[in-house]
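K.L.:
Can you keep this structure in mind? I'll have questions shortly.
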Amino acid sequence: MTNWPNNWWIEEYKKFHAEKDTNYPGNNLKPQLQHIKDLVQDTKAETLLDYGCGKGLQYTKWKHHEEFGVMPALYDPAVPEYEQLPDGPFDGVYSTDVMEHISKEQIPETFGKLFSRADKFVFLSICTQPALTILPNGENAHCTVEPIEFWVAMIEKYAPKRVYTHIKTYGKCNSYHILNEDIYLEWYLNNLESFK
């Protein structure tokens, strides 16, 4: 296990999480369940990591993992129970409503950690408009509000390896983009017998 570096914005999120039990409970997974479920089934993923799971109620209370048939490892640097980043690797890594909360300066490090743990797929769901939430320091919770083209460029620049990646953006830029589909197609063709 490795610790996330001590950054000011993580400290702000720790304060925000501590203010109320209802702050970032994990409710942003549900709208993405079908996308992730499809990726789990298509890649035959058996191990998963939820990168930025919030308080984890999507698993402990709402049992969304039952849709996948796999309980993911959980990581959120602002929640004490989940602040240790599991080493992995994992067949799939997904992150829902998290990347827009990460400052641009931290994107290279974040993508390094996230993509290095994924073997078969990465799924990112990213909001592209300012948040309703204001952090304790007065800043908007969405500090990196950018269209899908920005996120594609950041992945291509900072991901330490090529991984079959799905990016879904919503808000001011509603889009869906798939990167490195050739990796999935090669894996699929090599494993065609197991799909029969």
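Values quoted throughout were computed directly from the atomic coordinates according to the rules given, and no laboratory measurement underlies them. Note that this is a predicted model, so its numbers are computed, not measured. Quick reminder, even Gly has a Cβ in these numbers, built from the backbone with ideal geometry, and neighbours come from all protein chains shown.
K.L.:
Which part of region 88-109 falls in the paramagnetic zone of GLU149, meaning amide N under 20 Å from the point 7 Å along Cα-to-beta-carbon?
P.N.:
100, 104
K.L.:
Okay, moving on. Rounded to the nearest 5, what is the percent of antiparallel bridges among the DSSP beta bridges in the chain? Write down the numbers at each step before the final one.
P.N.:
On the way: 8 of 26 bridges.
Taking every DSSP beta bridge within the chain, about 30 percent pair in antiparallel fashion.
K.L.:
Separate question: Order of 180-192, 57-69, 113-125 by packing, highest average Cβ count within 10 Å first?
P.N.:
Ranking the peptides 180-192, 57-69, 113-125 by packing returns 113-125, 57-69, 180-192.
K.L.:
Here is a follow-up. With label points built 7 Å along Cα→Cβ from the Cα atoms of GLU181 and LEU132, find their separation and express it in nm.
P.N.:
Once both label points are built, they end up 3.5 nm from each other.
K.L.:
So, one more: Given points 7 Å out from each Cα along the Cα-Cβ axis, report the ASN190 to LYS15 separation in nanometres with one decimal.
P.N.:
Going by the 7 Å Cα→Cβ label model, 4.9 nm.
K.L.:
From the cross-link list LYS44/LYS172; LYS15/LYS104; LYS61/LYS168; LYS37/LYS63; LYS14/LYS168; LYS14/LYS37, which pairs have alpha carbons spaced over 23 Å apart? Before the final figure, lay out each step's value.
P.N.:
Values: LYS44/LYS172 33 Å; LYS15/LYS104 21 Å; LYS61/LYS168 25 Å; LYS37/LYS63 14 Å; LYS14/LYS168 26 Å; LYS14/LYS37 30 Å.
With Cα atoms farther than 23 Å apart: LYS44/LYS172; LYS61/LYS168; LYS14/LYS168; LYS14/LYS37.
K.L.:
Placing +1 at every Lys and Arg Cβ and -1 at every Asp and Glu Cβ, with all other atoms neutral, what dipole size does the chain have around its Cα centre, in debye to the nearest 20?
P.N.:
220
K.L.:
Then there's this: Need the list of aspartates and glutamates near LYS161 for cross-linking: C-alpha distance under 17 angstrom, and skip anything on the same chain fewer than eight residues off.
P.N.:
Straight-distance partners of LYS161: ASP87, ASP91, GLU109, ASP119, GLU181, ASP182, GLU186.
K.L.:
Report the one residue of GLY69, LEU85, GLY56 whose Cα lies farthest in the direction of the positive end of the charge dipole of region 46-114 (charges on C-beta: Lys and Arg +1, Asp and Glu -1; origin at the Cα centre).
P.N.:
Most positive-ward Cα: GLY56.
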